[in-house]
Amino acid sequence: MAFPQPRPQVPQLPQHLLRTIECQQGAVRAVRFNADGNYVLTCGSDKSLKLWSASRGTLLKTYTGHGYEVLDVDSSFDNSQLCSCSSDKTVILWDVASGQVTRKLRGHAGKVNCVQFNEEATVMLSGSIDGTVRCWDTRSRRYEPIQILDEAQDGISSLKVSEHELLIGSVDGRVRRYDLRMGQLHVDFIGSPITCVCFSRDGQCTLSSSLDSTVRLLDKSSGEMLGEYSGHVNKGYKLDCCLSDKDTHVLSCSEDGHVYFWDLVEVSLTLKLPVGKAVVQSLSFHPTEPRLLTSMEGHVQVWGAEPETEIGEREVVVGGEPRTGPAAVLK
């Protein structure tokens with residue numbers, strides 16, 4: 001006799017505010033989980049980069065070396081290195097433990113919007129307003145890029161690396177996917193300037209957000225439109241979008257102070273998470289758990305599926321020192 005299969009669990013969404021981190025580094029331009037989700041990285045308009053404990057919200061290290069505001073950061077798979085980019089046109093490779101600059105790479109002709117390691121952290125890829133993506137060897141002492149991708153007709157706003165593929169979003173309204181193993185370039189024309197791109201966790205789809213206040217899910221191999229998600233506001237800012245840890249929901253920042261969650265299959269709005277009264281500029285979903293980071297002005301919010309602290313209290317972390325205060329009611 002066969003037992004019936006257990007009913008699949010309804011995916012939990014990170015809708016409980018666990019703590020707010022007052023980063024004290026000006027406006028937070030980007031917030032990112034590290035590779036395993038144990039640490040938080042914040043990019044500040046005060047030229048600094050900060051590393052925080054994800055579980056406690058305490059400040060672990062501050063990295064200084066950029067000459068202007070920091071716009072993006074990525075951590076290596078083993079957490080030993082960071083790469084960051086800035087409006088000062090440079091890309092920096094950092095040693096995490098010492099906080100020292102390992103390499104400072106110049107070559108872009110304008111501000112660098114996005115940066116990422118490949119999976120082995122042997123190559124850094126940076127995308128700039130100058131319309132190029134530059135690939136840098138992290139192991140050699142050369143200060144020239146090993147490759148320059150210059151097919152975009154306008155600035156690069158976002159890039160993601162997955163195994164042998166590179167996904168690039170540009171202000172020219174196109175999403176480009178480079179298959180490095182096959183030596184092929186696939187182009188999807190969206191029309192509106194792209195603000196963020198990412199792969200689905202299963203590697204079958206691509207997600208892109210654009211300045212027509214729409215997030216689009218495309219089949220990677222055929223380019224077929226699988227879903228259009230709208231309702232949020234994205235008309236003038238470079239805002240992040242992403243998929244949840246199990247590819248069940250599409251998320252996007254919004255200029256109206258909320259994070260929007262849509263059911264990926266149903267294409268219906270599941271949750272409109274109120275973050276504050278300003279623009280939610282950046283977000284990052286935990287790699288394996290229903291946890292979310294959001295940034296608004298000078299603050300970072302950590303969200304979870306279940307409340308952590310006692311009822312009626314919520315943790316506020318000021319410059320790395322935890323405090324507790326009355327909880328605001330989430331509608």
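The values are calculated or read from the model by the stated rules, or taken from the named source; none is laboratory data. Remember, it's a predicted structure, so these values are computed and weren't measured experimentally. Here the Cβ is made from the backbone with ideal geometry for all residues, glycine too, and neighbour counts use every protein chain on show. All accessible areas refer to the heavy atoms of the entire protein, side chains included, with ligands and DNA or RNA removed. Shrake-Rupley method; radii C 1.70, N 1.55, O 1.52, S 1.80 Å.
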Whichever residue in segment 166-195 is hydroxyl-bearing (Ser, Thr, Tyr) and part of a strand (DSSP E or B) and, among such residues, is farthest from the chain's Cα centre (by Cα): 178
Positions within segment 144-165 being outside any strand (DSSP E or B) and more than 22 Å from the chain's Cα centre (by Cα), in sequence order: 144, 145, 146, 150, 151, 153
Test: residue in segment 82-94 that is closer than 15 Å to residue 30 by Cβ, in a loop (DSSP other than H, G, I, E, B) and either without any contact (Cβ under 8 Å) to a residue 40 or more places away in the chain or not basic (Lys, Arg) (or both): yes
Residues satisfying the stated conditions in segment 129-140, i.e. more than 14 Å from residue 92 (Cβ to Cβ) and either at pLDDT 95 or above or of a type outside the set (D, E, K, R) (or both): 129, 130, 131, 132, 133, 135, 137, 140
Cβ-Cβ under 7 Å pairs, at least 6 apart or on other chains, segment 98-124 side touching a residue at least 40 places away in the same chain (Cβ under 8 Å) and within 19 Å of residue 32 (Cβ to Cβ), far side surrounded by fewer than 21 Cβ atoms within 10 Å (Cβ to Cβ) and of a type in the set (Phe, Trp, Tyr): 119/77; 121/77
Check on residue 122, in contact with a strand residue (DSSP E or B) (Cβ under 6 Å, 6 or more places away or on another chain) and of a type in the set (S, T, N, Q): no
Subset of segment 147-169 [without any contact (Cβ under 8 Å) to a residue 24 or more places away in the chain and over 12 Å from residue 180 (Cβ atoms)]: 148, 150, 153
Sole exception among (1) among the hydrophobic types (A, V, I, L, M, F, W, C); (2) within 24 Å of residue 260 (Cα to Cα); (3) surrounded by fewer than 23 Cβ atoms within 10 Å (Cβ to Cβ) for residue 109, by number: (2)
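Of the residues 218, 207, which is closer than 24 Å to residue 178 by Cβ and surrounded by 24 or more Cβ atoms within 10 Å (Cβ to Cβ)?
Only one candidate qualifies: 207.
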Condition met for residue 102 (in contact with a Leu (Cβ under 9 Å, 6 or more places away or on another chain), open to solvent by less than 30 Å² (accessible area, probe 1.4 Å) and among the β-branched types (Val, Ile, Thr)): no
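Each row is one residue, and each column tells you yes or no for (1) at pLDDT 95 or above; (2) of a type in the set (S, T, N, Q).
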{"position": "22", "(1), (2)": "yes, no"}
{"position": "31", "(1), (2)": "yes, no"}
{"position": "35", "(1), (2)": "no, no"}
{"position": "39", "(1), (2)": "yes, no"}
{"position": "62", "(1), (2)": "yes, yes"}
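Each row is one residue, and each column tells you yes or no for (1) of a type outside the set (Gly, Ala, Ser); (2) under 18 Å from residue 221 (Cβ atoms); (3) out of contact with any strand residue (DSSP E or B) (no Cβ under 7 Å at 6 or more places or on another chain).
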| site | (1), (2), (3) |
| --- | --- |
| 168 | yes, yes, no |
| 173 | no, no, no |
| 185 | yes, yes, no |
| 190 | yes, yes, no |
| 195 | yes, no, no |
| 202 | yes, yes, yes |
Search result, residues across segment 130-146 that are among the aliphatic types (A, V, I, L, M) and buried (at least 19 other Cβ atoms within 10 Å of the Cβ): 133
Selection count, segment 81-95, where residues are under 19 Å from the mean Cα position of the chain (by Cα) and either open to solvent by 10 Å² or more (accessible area, probe 1.4 Å) or over 26 Å from residue 144 (Cβ atoms) (or both): 2
Residues of segment 191-204 classified as open to solvent by 40 Å² or more (accessible area, probe 1.4 Å) and under 22 Å from residue 14 (Cβ atoms), total: 2
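This table checks each residue for (1) of a type in the set (Gly, Ala, Ser); (2) assigned to a strand (DSSP E or B); (3) out of contact with any Leu (no Cβ under 7 Å at 6 or more places or on another chain); (4) surrounded by fewer than 17 Cβ atoms within 10 Å (Cβ to Cβ).
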{"residue": "14", "(1), (2), (3), (4)": "no, no, no, no"}
{"residue": "26", "(1), (2), (3), (4)": "yes, no, yes, yes"}
{"residue": "36", "(1), (2), (3), (4)": "no, no, yes, yes"}
{"residue": "55", "(1), (2), (3), (4)": "yes, no, yes, yes"}
{"residue": "60", "(1), (2), (3), (4)": "no, yes, no, yes"}
{"residue": "68", "(1), (2), (3), (4)": "no, no, yes, yes"}
{"residue": "79", "(1), (2), (3), (4)": "no, no, yes, yes"}
Selection count where residues are part of a strand (DSSP E or B) and over 20 Å from residue 115 (Cα atoms), scope segment 196-207: 1
